[in-house]
Amino acid sequence: MQNLNDKLNNKILLSKQKISETKQRLTEIPFRKLAPNMVTMMALCSGVTSIRYSVAGSWTNAVLCIMLACLFDGLDGRVARFLKASSKFGAELDSLSDFVSFGVAPAILVYQWALFDLPKFGWLLCLIFSMGMAMRLARFNTMLEDEDVPEYWSHYFVGVPAPAAAGLAITPVILSFEFPEIEAFLRSHVTCGVLMFLVTLLMVSRIPTLSLKKTKVKRYMLMPLMLFVVLFINFLLTQPWLTLGFVSCVYMLTIPLTCVRFLKDKATFEKKEPRVLKKTA
């Protein structure tokens, strides 16, 4: 009888201890778990602020806010991995932030800058761009749970990623700051409309685009790479609009080259693994 009472008391003590630990977890959250979400919120605030500047006609500030959102978007995931603070909540918040910052803000900017006086079709193109961004992010989230993706896909994105798509969409705005003499061409309905539609197709397509997440650099290339980074930062600080416009154009040109490299990697992989499931082909 005494042993039975002792066992019951131990169970009660363990239950109370678990309840106490649960309450503590609910009332006290380590700062390292909040840090990535704070960076994501900075990206979201930048995107929303860009919309405000677009409505006010402050094009430079609107572009800068989108670029700032790209910076924060690149940092939040790395901060989460560094602090080992990745969470489902953070992933969902990041997707919502990306949709606003890279799906809505660029569409509003281009509409206010060039397409506002294009009857019906101007707003339609912006809607298509935003919906394409939503579908692209939804597909990206579902692919994270797919464990059957072949190894060669780890070096590529499926379609143009969200920050790159936003940068491509606002390229005419960026170039107009550096080349005001051709602003009429850059601001035309045809230029902006065709570019928005093309970028939307690239987002929702299954075209492979380059991902640098798992790219390894040869040791002998380290110093040239560091020199290139220094030069890039120097040009970004001294000639920001020309540098950003040049980067957007170069990125667009790399897409067909990336497709060629992808086909070579796919052929090499299938020779090594002839029975692999061609799920992402």
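Exactly one of these conditions fails for residue 86: (1) at pLDDT 95 or above; (2) over 30 Å from residue 191 (Cα atoms). Give me its number.
The single condition residue 86 does not satisfy is (1).
Among what's in the stretch 243-274 and is touching a residue at least 60 places away in the same chain (Cβ under 8 Å) and of a type in the set (Phe, Trp, Tyr), pick the residue that is farthest from residue 177 (Cα to Cα).
Step by step, filter the stretch 243-274, then rank; the result is 269.
Restricting to the stretch 214-242, name every residue that is farther than 18 Å from residue 67 by Cβ and touching a residue at least 24 places away in the same chain (Cβ under 8 Å).
Correct list: 214, 215.
Which of the residues that make up the stretch 205-225 are in a helix (DSSP H, G or I) and loosely packed, with under 10 Cβ neighbours inside 10 Å?
219, 220, 223
Return a yes/no flag: does the stretch 104-112 have any residue that is more than 15 Å from residue 192 (Cβ to Cβ), surrounded by fewer than 24 Cβ atoms within 10 Å (Cβ to Cβ) and within 16 Å of the chain's Cα centre (by Cα).
yes
Before we move on, is residue 68 surrounded by 18 or more Cβ atoms within 10 Å (Cβ to Cβ), more than 21 Å from residue 138 (Cα to Cα) and of a type in the set (A, V, I, L, M, F, W, C)?
For residue 68, the condition - surrounded by 18 or more Cβ atoms within 10 Å (Cβ to Cβ), more than 21 Å from residue 138 (Cα to Cα) and of a type in the set (A, V, I, L, M, F, W, C) - is met.
The values are calculated or read from the model by the stated rules, or taken from the named source; none is laboratory data. Predicted model, so just to flag it, every value in this text is computed and none were measured. Virtual Cβ from ideal backbone geometry, glycine too; neighbours counted across all protein chains shown.
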